[in-house]
């Protein structure tokens, strides 16, 4: 006998602290070039993400 989880699609804003075992599929909408923090201690990459 095979058990399958039922997939329920909800938006990120609908997640609550009591939400368990969730997965988020996202896509990158915009990607900016690499940058450094003002103190030049951290390098980072700005991305705009969107849930599918």
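Throughout, read-outs are computed from the coordinates displayed, never taken from laboratory work. Everything numeric here is computed off the predicted structure, so don't read it as measured data. Note that we place each Cβ from the backbone using ideal geometry, even for glycine, and neighbour counts take in every protein chain shown.
Key figures for this structure:
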quantity	calculated
For 47, 41, order by how many other beta-carbon atoms lie within 10 Å, fewest first	41, 47
Residue 45/residue 20 FRET efficiency (R0 35 Å; Cβ-Cβ; nearest 0.05)	0.70
Per-residue Cβ neighbour rank within 10 angstrom, fewest leading, 51, 21	21, 51
Along principal axes, Cα extents of the chain, largest first, whole Å	56, 24, 23
